[in-house]
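Quick note: the coordinates plus some simple rules give every number you see, no bench work behind them. Bear in mind that the values here come from a model prediction, so they are computed numbers and not experimental data. Please note: Cβ atoms are built from the backbone with ideal geometry, for glycine as well, and neighbour counts cover all protein chains shown.
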Amino acid sequence: MNQIRARKTYLCYKVEILDGDAWVPLDENKGFVHNKGANQPGQPCHAELYFLDRIRSWNLDRGLHYRLTCFISWTPCHTCAQNLATFLGENSHVSLHIFASRIYSLPGYRAGLRTLQAAGAQIAIMTSKGQHGSPGGGAVAGRGLREVARKGPVAPTLPQTGTHLSLSCSISEFEHCWETFVDHQGRPFQPWDDLEVVSQHLCEKLQAILQSLLCVTCSLLGRQLHPFLPFSYAAKLKDGRQPL
């Protein structure tokens, strides 16, 4: 079932560098990490923190601009989201795009996702049909990246934007992960039952979480534009609509 809770979180990542108007993949900086659970030796650690350590080890040139794209089993928890937001604040030459399979929903997760988005990260649910128009405008739930990852080892063998975020190809993020990170030996990606239905549900849920930040921002903006701002103008801003 798509709702089974996985014990392991996979994070597949790729890195691109801006060369003129084009993003060029850096294949040497592509791979995956996974979390260390409480049932494993040593201190438990989320995949996002391992990923941050790996990024820092690359010593990315501050004179260049990099785009990091992650495909992860779960959206970041509150603490990981805060750590990622801090990293983005300290590294303006790096942008972060996150495609998640499911929504991590322990306490504080909504605030964490909004903080991460406010820091400049683009967050979306992985799509099931390769159509992506907004954060939460696609999805891959339940078995998610675990299903993709367990079908073959990650191969060290890489695009994205819409209203907020998308891949620059017509295939789904699931299929993109399959083709990019898995040693599939010529086998095609096979979606499982109810993937599209669960995906759409998660898209809508994430969209609602992130749009609530937009409403608050617009409301504050409306108050700051002018002390005598007409109510109707501020109301339109609060609703996220353009004033007439």
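If I model a spin label at GLU90 and TRP58 as a point 7 Å from the Cα along the Cα→Cβ vector, what separation in nanometres do I get?
1.7
Please state the charge dipole magnitude for segment 32-81, taken about the Cα centre, from unit charges on C-beta atoms (+1 on K and R, -1 on D and E), reported in debye and rounded to the nearest 20.
In total the dipole reaches around 60 debye.
Could you name the aspartates and glutamates in cross-link range of LYS8, using Cα to Cα under 17 Å and dropping any fewer than eight places away on the same chain?
Of all the aspartates and glutamates, those that pass the test against LYS8 - Cα under 17 Å, at least 8 places apart if same chain - are GLU48, GLU147.
In terms of Cα to Cα distance under 12 Å, which aspartates and glutamates are near enough to LYS30, apart from those fewer than 8 places away along the same chain?
By straight Cα distance, LYS30 reaches GLU16.
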